[in-house]
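Structure first, then comments.
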Amino acid sequence: MRKMTEENLKAAFSGESQAHMKYMLFADIAEEEGLSNTARLFRAIAYAELVHARNHANELGMLRETRENLESCINGENYEVNEMYPAFKAVAELQGEKGAVRSTNYALQAEKIHEAMYTKAKQTVDEGKDIQLGDVYICPVCGYTTNGQVPDKCPVCGAPKEKFKKF
């Protein structure tokens with residue numbers, strides 16, 4: 001693939017990915033406001049943006065076998081844990097941006113767990129098996145992730161266990 005086309009597809013993938021996520025967040029707000037049809041419209045178009053992103057990712061060769069996909073996830077989480085979020089958090093602290101400090105810290109703490117979970121999954125896949133996984137619970141406030149049991153309070157943000165979302 002020629003350089004300009006590749007760069008264009010990368011930019012399109014990024015834009016479509018962000019649009020998908022933004023529209024899903026907008027749908028949640030519309031749902032909370034009692035606008036169920038507007039929420040459905042946001043979700044429908046968000047799905048179309050996901051299709052576009054998938055098509056671009058496929059053309060860029062980003063979609064591979066699970067083993068390689070897990071390795072990509074591990075590398076991404078590792079970058080976030082060791083470089084991106086520590087740097088972003090430090091800048092937010094220097095600039096006195098308390099909300100940004102909180103959100104980057106929440107993400108940093110969750111990404112550490114995600115990296116470990118993906119690493120375990122890859123080790124299992126490398127052995128030719130699927131990972132043994134109980135219910136996965138996510139704190140909707142900070143993204144803290146746990147497998148199996150939910151703590152009484154989130155260890156990162158203190159949210160009560162009743163708020164956790166089960167997967």
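Quick look at the numbers
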| read-out | value |
| --- | --- |
| Total residues in the range 1-32, condition over 19 Å from the mean Cα position of the chain (by Cα), surrounded by fewer than 12 Cβ atoms within 10 Å (Cβ to Cβ) and assigned to a helix (DSSP H, G or I) | 5 |
| Matching residues, the range 47-71, being within 16 Å of the chain's Cα centre (by Cα), touching a residue at least 24 places away in the same chain (Cβ under 8 Å) and either closer than 15 Å to Asp126 by Cβ or exposed (fewer than 13 other Cβ atoms within 10 Å of the Cβ) (or both) | Leu70, Glu71 |
| Unmet criterion (only one of (1) small (Gly, Ala, Ser); (2) touching a Gly at 6+ places or on another chain (Cβ under 6 Å); (3) on the phi > 0 side of the Ramachandran plot) for Gly128 | (2) |
| Which numbered condition Tyr79 misses (of (1) among the aromatic types (Phe, Trp, Tyr); (2) free of Cβ contacts under 8 Å to residues at least 40 places away in the same chain; (3) surrounded by 15 or more Cβ atoms within 10 Å (Cβ to Cβ)) | (3) |
| Enumeration of residues in the range 82-116 that are over 25 Å from Asn147 (Cα atoms), surrounded by 14 or more Cβ atoms within 10 Å (Cβ to Cβ) and small (Gly, Ala, Ser) | Ala92, Ala100 |
| Test: residue in the range 23-31 that is small (Gly, Ala, Ser), in contact (Cβ under 8 Å) with a residue 40 or more places away in the chain and closer than 30 Å to Met117 by Cβ | no |
| Answer from Gly158, Gly148 - the residue that is of a type in the set (Gly, Ala, Ser), surrounded by fewer than 18 Cβ atoms within 10 Å (Cβ to Cβ) and out of contact with any strand residue (DSSP E or B) (no Cβ under 9 Å at 6 or more places or on another chain) | Gly158 |
| Identity of the residue in the range 33-46, surrounded by 13 or more Cβ atoms within 10 Å (Cβ to Cβ) and of a type in the set (D, E, K, R), that ends up nearest to Val141 (Cα to Cα) | Arg43 |
| Pick from the range 117-145, criterion loosely packed, with under 12 Cβ neighbours inside 10 Å and touching a residue at least 12 places away in the same chain (Cβ under 8 Å), ranking: nearest to Glu71 (Cα to Cα) | Asp126 |
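Any read-out appearing in this document is the output of simple, stated calculations on the displayed coordinates, not a laboratory observation. What you see is a predicted model, and the numbers here were worked out from it, not measured in a lab. All Cβ positions, even for glycine, are placed from backbone atoms using ideal geometry, and neighbour counts span all protein chains on display.
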